[in-house]
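The values are calculated or read from the model by the stated rules, or taken from the named source; none is laboratory data. This is a predicted model, so every value here is computed, not measured. Neighbour counts are summed over all protein chains in view; Cβ atoms, including those assigned to glycine, are modelled from backbone coordinates with ideal geometry. Surface accessibility is based on the protein's heavy atoms, side chains included, excluding ligands, DNA and RNA. Shrake-Rupley method; radii C 1.70, N 1.55, O 1.52, S 1.80 Å.
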Amino acid sequence: TGHHAIALAKQGYQMVGADLSAAMVEQARRNAAVAGVEVRFAVAGFGGLAALGETFDAVLCLGNSLPHLLTEKAQAEALSDFATVLHPGGLVVIQNRNFDRVWRRRERFMGPQSCREGEREWVFVRFYDFHEATVTFNMIRLRRDGETWTQDVESTELRPIFRDDLAAALGRAGFFQAAFHGGYNGSPF
């Protein structure tokens with residue numbers, strides 16, 4: 001919904017946000033207007049950034065989104081697209097779950113998250129179902145309006161990306177300096 005792009009625009013960066021979902025792009029535009037910042041948002045999926053006709057100093061791929069690409073070929077095309085739109089010496093940041101640890105330990109559940117807005121409250125319960133080469137990411141959303149609770153469940157298949165595989169794929173896409181961290185603070189992977 002554009003919150004990362006909006007936060008960076010508030011810090012003075014010129015931002016372009018992209019999402020495959022037209023509904024998310026419209027919501028991001030509304031959020032930017034409310035925040036009083038100018039951000040261009042476009043409907044574009046992985047592999048579609050070059051079609052925007054711009055180049056960038058950085059590409060941010062956040063929210064564990066790259067694992068939504070279910071084939072090695074699709075992931076390679078996305079990384080190649082990132083390389084195509086970057087200025088020489090540009091930076092790509094990929095936020096990805098540590099699937100090396102998750103897969104090895106079969107870490108099924110992530111900690112619940114919650115948020116509140118006045119009388120409205122949300123609780124998010126997230127967990128994986130493990131398969132031979134993929135995982136199903138499940139999210140249960142509990143919503144409270146006043147005294148009434150409702151719930152819904154969303155599930156999506158992901159192709160885990162392991163550190164060494166990502167390093168190799170980045171190299172094939174033309175990225176020759178890769179660093180892996182445990183968080184934005186630079187903690188060890």
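Miscellaneous remarks
- Calculated diffusion of the chain, Stokes-Einstein form, Kirkwood radius summed over Cα pairs, 25 °C and 0.890 mPa s, µm²/s: 133
- Restriction of the GluC sites (Glu not before Pro) in the stretch 1-64 to DSSP coil positions whose beta-carbon has at most 12 other beta-carbons within 10 angstrom yields E38, E54.
- Cα-Cα pairs of the stretch 132-187 separated by more than 14 Å (percent): 72
- Sulfur and carbon atoms: percent of accessible area, the chain [1.4 Å]: 52
- If you sort the three axes of the alpha carbon gyration tensor as a ≥ b ≥ c, you get a/c of 1.5 or more for the stretch 78-158 and a/b no higher than b/c, which makes it oblate.
- Using 0.36 nm per residue and subtracting the Cα-Cα separation, the extra length available between A35 and L52 on full extension is 3.7 nm.
- Mean ellipticity per residue at 222 nm, deg cm²/dmol - from DSSP H runs of n ≥ 4 across the chain, formula -39500 (n - 2.57): -8500 deg cm²/dmol
- Descending semi-axes in Å of the stretch 1-94, equivalent ellipsoid built from Cα gyration tensor: 22, 16, 11
- Calculated accessible area for the stretch 13-172 comes out at 60 Å² per residue, all protein chains present (probe 1.4 Å; ligands, DNA, RNA ignored).
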